[in-house]
Amino acid sequence: DTLAKPAFTQRQHGYAAARGDGLAYTPQAIVDGTQAEPGADGPAIAGAAARGLPLDVPLALTESDGRLAIAIGAAALPPDLSGRPVGIYVLRVARSVTVSVDRGGNSGRSLTYTNAVRAIGRVGEWDGSAARLDLLALRDPGEGFAVLLQAGTPDRLGAILAAAKTPGL
């Protein structure tokens with residue numbers, strides 16, 4: 001997988017640790033931070049999304065003049081998260097990436113991926129109060145950003161409480 005990065009593998013293992021099943025594979029879809037489904041099984045992913053947690057924390061993301069502004073509204077944390085970390089994660093996302101496959105079942109073909117994550121970083125923590133972050137928006141042309149508010153730690157990831165993305169993703 002030419003798009004793989006150690007940080008992405010670490011997230012897969014953080015999800016597997018939180019679920020307690022130890023399963024991390026590609027392609028794998030993680031829905032709302034808690035449910036794992038085969039990445040090629042559209043109906044299973046849609047079913048998991050329908051059963052997912054409501055994303056009711058206000059979160060807005062804007063990009064202007066080379067800056068990325070993240071605005072998080074105040075919201076009550078669920079009782080099970082009281083006193084536990086909720087990370088603010090920024091993902092740099094390429095709208096489209098085409099790769100040549102050199103081996104395996106798709107050897108000799110080119111595959112195009114949509115909204116491929118190119119980098120991810122934890123930029124802070126959220127405690128339920130209103131917050132605003134202003135970051136330098138370093139990205140290549142054809143890329144945008146997504147932001148997640150996610151419970152847990154990098155080694156044991158939890159539920160996603162809110163998500164936002166820049167236009168075009």
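The values are calculated or read from the model by the stated rules, or taken from the named source; none is laboratory data. Please read these numbers as outputs of a predicted model, since none were measured by experiment. Note that we place each Cβ from the backbone using ideal geometry, even for glycine, and neighbour counts take in every protein chain shown. In case anyone asks, the SASA skips ligands and DNA or RNA and just uses the protein heavy atoms, side chains included. Shrake-Rupley method; radii C 1.70, N 1.55, O 1.52, S 1.80 Å.
Structural remarks
- Length gained on full extension, ARG156 to ALA119: 11.4 nm, using 0.36 nm per residue less the C-alpha separation.
- Sum of -39500 (n - 2.57) over DSSP H runs of 4+, divided by residues of the chain (222 nm, nearest 500): -4500 deg cm²/dmol
- For the stretch 1-146, the alpha carbon positions stretch 51, 41, 26 Å along the principal axes, listed from largest to smallest.
- Summary of packing: across the peptides 44-52, 144-152, 160-168, the per-residue average of other C-beta atoms within 10 Å ranks them, highest first, as 144-152, 160-168, 44-52.
- Net charge over other residues, Cβ less than 13 angstrom from the Cβ of GLY87 (K, R count +1; D, E count -1): +1
- Taking Cα atoms only, the orientation of helix 6-19 departs from the longest principal axis of the chain by about 60 degrees.
- Separation between Cα centres of the stretch 91-106 and the stretch 2-81, rounded to whole Å: 20 Å
- Short-range pairs are left out: with C-alpha atoms under 8 Å and at least six residues apart, the relative contact order of the stretch 92-165 is 29 percent.
- When the Cα positions of GLY152, LEU169, GLY104 are compared along the charge dipole of the chain, GLY104 comes out farthest toward the positive end, with charges on each C-beta of Lys, Arg, Asp and Glu.
- Taking 0.36 nm per residue of separation and subtracting the Cα-Cα distance, full extension of the segment from ARG132 to ASP41 would add 29.1 nm.
- The stretch 61-169: C-alpha gyration tensor shape, a/c 1.5 cut-off, then a/b vs b/c: oblate
- With every protein chain in place, the chain: carbon and sulfur % of accessible area (1.4 Å): 54 percent
- Surface analysis of the stretch 63-160 yields an accessible area of 55 Å² per residue, using protein heavy atoms and a 1.4 Å probe.
- Rolling a 1.4 Å probe across the protein heavy atoms gives the stretch 2-53 an accessible surface of 55 Å² per residue.
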